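Below: one structure, written as C-alpha cells.
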Amino acid sequence: MGFVFGSRSSKEEKAAATDKVSADLSQPRDPQAPKGRPTPKRAVAQSQRKAVVASTGNRKEDAKRARERRRTEMAKQREALANGDERYLPTRDKGPVRRFVRDYVDSRYSVAEMFLPLAVIILVLSMVRQPAIQSIALMLWLGVIALILLDSIVLVFRLRKSLVERFPNEPRRGAIAYGLMRTLQMRRLRLPKPQVKRGERP
C-alpha cells in the first residue's frame with residue numbers, strides 16, 4: 001500500500017511541476033527581467049487573460065470588440081512612441097535602462113545616423129564612369145565604414161560604463177545592442193521620439 005501511495009504522490013508532484021512550468025512559459029517576459037522571473041506578475045497576467053477571454057456569447061460581437069481593443073491599444077502605442085509614455089510603449093522600449101540608453105544616444109551626434117544619406121551620395125559617385133571619381137567613391141565608402149566602427153566602439157565603452165554607474169542592480173541585457181541599433185536611424189525617424197536635445201546629457 002505504501003508503494004501505491006508513494007507512486008501516486010510522485011505522479012501528482014510531477015503533474016503539479018509540469019503545470020507550474022506551463023503556466024510560467026505562458027506568461028510574457030520582459031527582455032530586461034532576470035531569467036526565471038516572468039513579468040507581469042502572475043495575478044496581473046491572469047486578470048488580463050480573464051478580461052480578454054470574457055465573451056458576450058455572440059461571435060460577431062466578440063470579434064468586433066477584439067478589433068476595437070486592438071485599435072485602441074495600437075493608437076495608445078503610437079502616441080506613446082511619440083511622447084515617450086512608459087505605460088503604453090512596446091515591451092522592448094520599456095524601463096529606465098532603455099529610456100536612459102535612448103536619451104544617451106539621442107544626446108550625441110553619431111556617424112552611423114548619416115549612413116543612409118552618405119551611402120546614396122557614394123553610390124551616385126560610383127556610377128560615374130570615370131576611374132578617378134570611382135576611386136574617390138571607394139575611399140569615401142571605406143572611410144565611412146571605419147568612422148562608424150570607431151564611433152560605435154567609443155559608444156559601447158562609454159555607454160556600458162554609464163549603465164554600470166547608473167543602474168548597478170538593474171538588468172542591462174541587450175541594452176548596448178539596443179543603443180547601437182538606434183544610432184543607425186536618422187534622429188527624426190527614431191521611435192520612440194527623442195526626448196532630449198543634442199548635447200543634453202541624460
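Values quoted throughout were computed directly from the atomic coordinates according to the rules given, and no laboratory measurement underlies them. Predicted model, so just to flag it, every value in this text is computed and none were measured. Cβ atoms come from the backbone with ideal geometry, glycine included; neighbour counts cover every protein chain shown.
Points to keep in mind about this one:
- Count Lys and Arg as plus one, Asp and Glu as minus one, and take only other residues whose Cβ is under 11 Å from that of S162; the net charge is then +4.
- Protection proxy ranking for 81-87, 66-72, using the average of other Cβ atoms within 10 Å per residue and placing the highest first: 81-87, 66-72.
- The range 81-202, relative contact order in percent, only Cα pairs under 8 angstrom and at least six apart counted: 51 percent
- Ratio of Rg to Rh for the range 75-202: 1.08 [Cα atoms; Kirkwood radius as inverse mean 1/r over pairs].
- Burial order of peptide ranges 136-144, 105-113 (average beta-carbon count within 10 Å, highest first): 105-113, 136-144
- 14 Å beta-carbon shell around R71, net charge (K/R +1, D/E -1): +4
- Cut-off 13 Å between beta-carbons: net charge of the residues surrounding K193, Lys and Arg +1, Asp and Glu -1: +3
- Where labels lie 7 Å past Cα in the beta-carbon direction, separation of I121 and V164 in nm: 3.7 nm
- Cα gyration tensor category, rounded, prolate or oblate, for the range 111-157 with a/c compared to 1.5: oblate
- Anisotropy class of the range 143-202 from Cα gyration tensor, a/c 1.5 cut: oblate
- In this structure, the pairs whose alpha-carbon distance is over 26 Å, taken from K76/K197; K76/K161; K60/K94, are K76/K161; K60/K94.
- Based on the Stokes-Einstein relation at 4 °C and a viscosity of 1.567 mPa s, and on the Kirkwood radius from alpha carbon pairs, the range 79-148 is assigned a translational diffusion coefficient of 87 µm²/s.
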